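**Student:** Just dropping this structure here.
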Amino acid sequence: MTAAGGWDRSALSDGDVRLTDTLALLRTDVEHELSSSWRLQAGGDVGRDRYTLRLGSMDDPSERADYARRYPARTDAVAGVYAGALWQGLPGLSLNLGGRMDLFHSQGQSALAPAASVIAELALSPKLRLIHGLGIAHQPPSANVPQPGSNPALGAGLQHALQHSAGIALELPLGLQLEATLFQVALFNLSDSI
């Protein structure tokens, strides 16, 4: 079991705007080898972020209202569980299957985020492997310019990604490894301008 906590603070608009995030996280993981070819992993986590906004002297009321709308004082929560299985049932082939379910909550709104992934490794020789992956991921909204404590509220929902990778790994002398990987990502419902 792991517990973590933190505190972030950002000052914007020459210090007239101060954003803070106080966070806490609790996580647990278990792993069990079912047989020589199957290994299971599972776990869960819960987290809480308390955001505060302090607006100093700002002359423009519309700018003040914009900060209050984008970064409202609030407490966000997330809870998630995951399960994964590693299969190494054939010589030179392994599959890593995973699934995760998260529930995000912010300002009376909730969003469920099911995610899945698969990674396949195929040995072409004792020193050369192909590695392919496919997955779906979700995350809460993020700010255009990431800064500590400046995450927007859930608002229009989660951001979504469909991710694919294809790579090759070569074992080198002295315990070194050379890898090359290509990534392709399709992004949906973005809240930032990546």
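The values are calculated or read from the model by the stated rules, or taken from the named source; none is laboratory data. Given the structure is predicted, the values throughout are model-derived calculations rather than measurements. So basically every Cβ, Gly included, is an ideal-geometry build from the backbone, and we count neighbours across all protein chains shown. Areas reflect the complete protein model, heavy atoms only, side chains present, ligands, DNA and RNA absent. Shrake-Rupley method; radii C 1.70, N 1.55, O 1.52, S 1.80 Å.
**Student:** When residues of the range 112-166 are filtered for being within 24 Å of Ala85 (Cα to Cα), touching a Lys or Arg at 6+ places or on another chain (Cβ under 7 Å) and not hydrophobic (A, V, I, L, M, F, W, C), how many remain?
**Tutor:** 1
**Student:** Sticking with this structure for a sec: List the residue pairs whose Cβ atoms are under 9 Å apart, where the first residue sits in the range 54-66 and is part of a loop (DSSP other than H, G, I, E, B), the second is at pLDDT 80 or above and β-branched (Val, Ile, Thr), and the two are 6 or more positions apart or on different chains.
**Tutor:** Gly56/Val17; Met58/Val17
For (1) assigned to a strand (DSSP E or B); (2) at pLDDT 80 or above; (3) more than 23 Å from Val145 (Cα to Cα); (4) open to solvent by 80 Å² or more (accessible area, probe 1.4 Å), each residue gets a yes or a no:
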| residue | (1), (2), (3), (4) |
| --- | --- |
| Gly6 | yes, yes, no, no |
| Ser10 | yes, yes, no, no |
| Leu23 | yes, yes, no, no |
| Ser36 | no, yes, yes, yes |
| Leu40 | yes, yes, yes, no |
| Tyr51 | yes, yes, no, no |
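**Student:** Within the range 78-119, track down each residue that is farther than 20 Å from Ser37 by Cβ, of a type in the set (Gly, Ala, Ser) and surrounded by 14 or more Cβ atoms within 10 Å (Cβ to Cβ).
**Tutor:** Scanning the range 78-119 gives Ala79, Gly80, Ser106, Ala111, Ala113, Ala115.
**Student:** Can I ask one more? Looking at the range 162-179, can you tell me whether even one residue there is part of a strand (DSSP E or B) and open to solvent by 90 Å² or more (accessible area, probe 1.4 Å)?
**Tutor:** Yes - at least one qualifying residue is present in the range 162-179.
**Student:** If you take the residues in the range 140-189 that are at pLDDT below 85 and among the hydrophobic types (A, V, I, L, M, F, W, C), which one is farthest from Gly108 (Cα to Cα)?
**Tutor:** Val145
Every residue, every condition in (1) under 30 Å from Trp7 (Cα atoms); (2) in contact with a helix residue (DSSP H, G or I) (Cβ under 9 Å, 6 or more places away or on another chain); (3) in contact (Cβ under 8 Å) with a residue 40 or more places away in the chain, yes or no:
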position	(1), (2), (3)
Asn96	no, no, no
Gly108	yes, no, no
Ile168	no, no, yes
Phe188	yes, no, no
